[in-house]
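The values are calculated or read from the model by the stated rules, or taken from the named source; none is laboratory data. No experiment lies behind these values; they were computed from the predicted model shown. A quick note on method: Cβ atoms are made from the backbone with ideal geometry, for glycine too, and the neighbour counts reach across all protein chains shown.
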Amino acid sequence: MVRMTAARRRADGTRVLLDAEVHVHYGFLDLLPFGADATEGGLAYAGQANGMCGARRPGALSMRTGTHTGPVPVRVEAHPARPEVPDGWQDVVEVPFVPAGSRYALTAFDSGHELEVPAGVGRARWCADRMDDGYDGARMDDDPVADRYLLQLWPAPPAPEEVVRSSSRRSAYWAGVARDTYPVDLEPARGWTEPTRDEAIRRLREERDRRLREPGLRGAAVTARPRPAPFVGSAGRVHPAHPDSPRGHAPVADPPTGTARASFHLGAWRAREEWLATAFPALAAELDAAPAEAQRAVAAWAARRLAVAAGVLADEDVEALLDAVRDGRAAPAVDRTALTRRLIGDPRRDAPGGAHVGTGPIPAADAPSDARAAALRAVGAAVDLPPGSAVVDAVTALVRQADDRDRTVGDVVDRLRAAARGEVPDEERAGPSAADRERLADERALHVREDADARRAAADRLTWGSARPSDRLRAIPGNTAWLAQHDLGLAERLARASDAAQRALAVAVARRAAGRAGIASDPEIAAALDAAARGRTDAPPDRDALWQRYFPGPVTAAVITFVGSDDPRTPAGRPPSHPVAVALDAVLAAALRDPAAAAVGAVSAVLLTAADPAAEAAAIRRDLDAAGA
């Protein structure tokens, strides 16, 4: 759904086109002509120096956010002239942007805000703050703000992009992804206009004729574009083309630098081919001319060298995979996902972009924190890909990680020539040292502890919401989580109170609820509350008998009880309860053996159904004062 946003004009001529929290999904935003289709994946950023604001598609912008799912604050401003770079933003980039009309929409997957972009705009600035804090997380409506964003537009002549400021790990990562993505020509973004009847019929006929002309529908085997070579995936399935190959777009005619490039006819990935061939054309040509056996050997050698540098060769699965490639044996069955989690954490959280021991894009190798991910990617390439693709992928990762790239390139050439002679250096035959194995074992133990902490944090978020309870509060059974989410201060005060104060509070709350329901004079209820006040909980009232006496027959949802339940979740959606049902909840809670559970149960029963929860909470605090808590 697209909402129309009214612009505000400031005294200096600046127009505020949008200032709101925009709900994102998958961590992206698009500024598009109204009704235009979104830009495909990362193609809007391909070949750029920045990966935060993609401007390769004429008339459109694609922007990344740290938060994966949830509302993020976004402000869009149109300035009459170039504004000063604002303070307080960690990451700032500028890109060329010429709108295709005035009616635009800032879209985020399935929602958006309609904007009116003024004429004459030629430049855009995307500012981000605390992207790392929001990275890959989900923000609920009541969670505090993590990351925030500002988009500024103004008139300007055409000019290249500029990275003004880059401070976060996320901006560095996405910049590496953009540089590693092969650029393709994109169709300009055009707004949607409702066609006339004749125009709609003409378009349908053109689409029908185009489909009939497609070679696939006639059974032809040749198309106008050469297709990438088939490859075999990790599961042994043959795929007709590499999944990284862009579909439906013509490749850019020349490489970004204009340097001649090798053919890499064996299906190497375009981004790696382009980077290696433009940066080190002699190396690229020699790798391409090498026999398949030498290519495979160099791919395994490069992956092993990365694994040694990153400290992951000591892992028995990594060592077994590389030994199998070196010796020409079939790769052993290894749980790649478990291996990745063991060495670099959850790939969806700690290794963005799908960094795992398999095939796919290389993570941004210029960031030191990605050394381990790059090593695992190279291992996966050496095991899974055809020799030409494997050597390009592994060598590219090795060179990009190197401090001295020229020296590393020389090492690659030496190793390639040795492999062509059938030589295997001793360093490849020797396994990891005992010190390496011990260090990796210590790291694994740390990962186990960190994973346990992460799982506890996730469980806390699900159970407690934004509340951060004390250990003492956590230990109380019953509806503690709901009470903590409703009023954490009151819940913690209950948990800190003495046993006597907790019991006195539970009885006081239950007596007040019973009085409101008109059942305080019931002999069994009065006796139960008197016994609880004296600390006698060894003979609680007969719960089922009480319920049957006040609610004979089937119990409906309007009177169902929850006191004493071990389920910590919020009883969301429970309908308003009958006053007698609330009183019975409170009385039965007050008679529980555990004083803390009694207090939490009685308080939760009345607060959950109170017509005025604030007034009820104030009365409960007065009861605590009276009990000396």
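Taken over region 608-621, the criterion of being out of contact with any Lys or Arg (no Cβ under 8 Å at 6 or more places or on another chain) and under 15 Å from ALA506 (Cβ atoms) is satisfied by GLU616, ILE620.
Of all residues assigned to region 100-109, none qualifies as being in contact with a Lys or Arg (Cβ under 8 Å, 6 or more places away or on another chain), touching a residue at least 24 places away in the same chain (Cβ under 8 Å) and either loosely packed, with under 15 Cβ neighbours inside 10 Å or at positive phi (or both).
It is to be established whether one or more residues within region 13-21 are touching a residue at least 12 places away in the same chain (Cβ under 8 Å), within 22 Å of TYR173 (Cα to Cα) and of a type outside the set (A, V, I, L, M, F, W, C). Looking for residues that are touching a residue at least 12 places away in the same chain (Cβ under 8 Å), within 22 Å of TYR173 (Cα to Cα) and of a type outside the set (A, V, I, L, M, F, W, C), one finds none in region 13-21, hence no.
Residues of region 56-66 that are crowded, with 24+ Cβ neighbours inside 10 Å and either over 23 Å from ASP180 (Cα atoms) or hydrophobic (A, V, I, L, M, F, W, C) (or both): ALA60, LEU61, MET63.
Could you give me the residue pairs with C-beta distances under 7 Å whose first residue belongs to region 519-539 and is part of a helix (DSSP H, G or I), whose second residue is among the β-branched types (Val, Ile, Thr) and surrounded by 18 or more Cβ atoms within 10 Å (Cβ to Cβ) wherever it lies, and which are 6+ apart or on separate chains? Partner pairs satisfying both residue conditions: ILE525/ILE519; ILE525/VAL587; ALA528/VAL587; LEU529/VAL507; LEU529/VAL587; ALA532/VAL507; ALA533/VAL507.
Residue-wise test of (1) surrounded by fewer than 16 Cβ atoms within 10 Å (Cβ to Cβ); (2) part of a loop (DSSP other than H, G, I, E, B).
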site	(1), (2)
TYR149	no, no
ALA172	no, no
ALA175	no, no
TYR182	no, yes
PRO188	yes, yes
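Residues in region 309-340 that are outside any loop (DSSP other than H, G, I, E, B), surrounded by 17 or more Cβ atoms within 10 Å (Cβ to Cβ), touching a residue at least 40 places away in the same chain (Cβ under 8 Å) and within 30 Å of the chain's Cα centre (by Cα): ALA310, VAL318, LEU321, ARG336.
Would you check if there is a residue in region 263-284 being surrounded by fewer than 17 Cβ atoms within 10 Å (Cβ to Cβ), over 28 Å from GLY47 (Cα atoms) and modelled with pLDDT of 80 or more? Looking through region 263-284, none of the residues is surrounded by fewer than 17 Cβ atoms within 10 Å (Cβ to Cβ), over 28 Å from GLY47 (Cα atoms) and modelled with pLDDT of 80 or more. Among the strands (runs of 3 or more DSSP E) confined to region 40-99, the ones with at least 2 residues that are of a type in the set (Gly, Ala, Ser) are located at 69-78. Counting only helices (runs of 4 or more DSSP H) that sit completely within region 355-461, those holding 1 or more residues that are modelled with pLDDT of 70 or more correspond to 371-384, 387-401, 405-420.
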